[in-house]
Amino acid sequence: MSTWRSLWFGTEAPTPRHVGALVAVLTVCGLLLLGLFIDFIPPAVFRGRQAVILFGVIGLALTGLFYGALIRTGIRTGVWPSDWKLWLLAPAMPVFLGWIVWLVLAKAVPWAITRPFGSEHEMQAVMQTSHRASRRSCDYRLKGGPLAGTMPSFICISSRYYHRYPDRTVRVRLVGRSTVLGFAVISVHHVSSAEHLHAD
């Protein structure tokens, strides 16, 4: 009869290495999901083209380590890695792994530190209201501004606010907490609409 140990670790007598590996995987998965759904603005160094280059290099290095270990295992066991799906994914692996590392190191971990320990902060930003039906995220959004170059590059807003300013450029006040690690956005407040922006 299978117990929870077999279900989680694949064995009734997991080694500390098995336990540590599972905890690490679950932690990364949790941080990855957190990074996808929080409103956090990383420092400039972690946004835009320079971030793509930095984390692309990290992703490339991790891909090399992964496939290197795969080849070494095949040579040691005498069974050459023959799963063509793994090799088919090789060109996309640096992007995928770099993106995962970015979500964890540039968003999730800094947010977890900034949200409880950061100082109160606010900023004004010019952004655009947008509507896009989505089953995985919100339908009504504020995009651009300081979120340009991040993933995702929007903040969710209410349908009421969107319908008041549909597909419009607006100035908003972002309120939250800030550290050197970035800015955790807690609330969004309307300042002015496009007509007032052009008049400024």
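Is it true that some residue in region 10-28 is surrounded by 13 or more Cβ atoms within 10 Å (Cβ to Cβ), modelled with pLDDT of 75 or more and not in a strand (DSSP E or B)? Yes, region 10-28 contains a residue that is surrounded by 13 or more Cβ atoms within 10 Å (Cβ to Cβ), modelled with pLDDT of 75 or more and not in a strand (DSSP E or B).
Asp39 meets all of the listed conditions (1) among the charged types (D, E, K, R); (2) modelled with pLDDT under 80; (3) surrounded by 12 or more Cβ atoms within 10 Å (Cβ to Cβ) but one, namely (2). Residue check: Met151 meets all listed conditions (1) of a type in the set (A, V, I, L, M, F, W, C); (2) open to solvent by 30 Å² or more (accessible area, probe 1.4 Å); (3) farther than 15 Å from Phe40 by Cα; (4) assigned to a loop (DSSP other than H, G, I, E, B) but one, namely (3). Please specify each residue of region 132-147 satisfying the condition of being surrounded by 14 or more Cβ atoms within 10 Å (Cβ to Cβ) and small (Gly, Ala, Ser). Scanning region 132-147 gives Gly144, Gly145. Based on this model, can you work out whether Gly64 counts as of a type in the set (Gly, Ala, Ser), surrounded by fewer than 13 Cβ atoms within 10 Å (Cβ to Cβ) and either at pLDDT 90 or above or touching a His at 6+ places or on another chain (Cβ under 8 Å) (or both)? Yes: the conditions hold for Gly64.
Answer yes or no: is there a residue in region 67-74 that is in a helix (DSSP H, G or I) and modelled with pLDDT under 75. Break it down stepwise before answering.
Here is the first cut: in region 67-74, the residues in a helix (DSSP H, G or I) are 67-74.
Adding the requirement that they be modelled with pLDDT under 75 leaves 73-74.
Yes: region 67-74 contains one or more residues that are in a helix (DSSP H, G or I) and modelled with pLDDT under 75.
Evaluation of Val104 against the conditions (1) buried (at least 17 other Cβ atoms within 10 Å of the Cβ); (2) closer than 22 Å to Thr27 by Cα; (3) among the β-branched types (Val, Ile, Thr); (4) free of Cβ contacts under 8 Å to residues at least 60 places away in the same chain shows that the sole unmet condition is (4).
Just checking, does region 86-98 include any residue being touching a residue at least 12 places away in the same chain (Cβ under 8 Å), β-branched (Val, Ile, Thr) and open to solvent by less than 30 Å² (accessible area, probe 1.4 Å)? There is no residue in region 86-98 that is touching a residue at least 12 places away in the same chain (Cβ under 8 Å), β-branched (Val, Ile, Thr) and open to solvent by less than 30 Å² (accessible area, probe 1.4 Å).
Yes/no per residue for (1) farther than 30 Å from Gly56 by Cα; (2) modelled with pLDDT under 95; (3) in contact with a Lys or Arg (Cβ under 9 Å, 6 or more places away or on another chain):
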residue: Arg135; (1), (2), (3): no, yes, no
residue: Pro146; (1), (2), (3): no, yes, yes
residue: Ile155; (1), (2), (3): no, yes, yes
residue: Asp200; (1), (2), (3): yes, yes, yes
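Restricting attention to region 161-189, the residues being touching a Phe, Trp or Tyr at 6+ places or on another chain (Cβ under 9 Å), open to solvent by 60 Å² or more (accessible area, probe 1.4 Å) and at pLDDT 95 or above number 2.
The values are calculated or read from the model by the stated rules, or taken from the named source; none is laboratory data. Every value quoted in this text rests on a predicted model; they were computed, and no experiment measured them. Counting neighbours? That spans all protein chains shown, and the Cβs are built from the backbone with ideal geometry, glycine included. We work out accessible area using only protein heavy atoms, side chains counted, and drop any ligands, DNA or RNA first. Shrake-Rupley method; radii C 1.70, N 1.55, O 1.52, S 1.80 Å.
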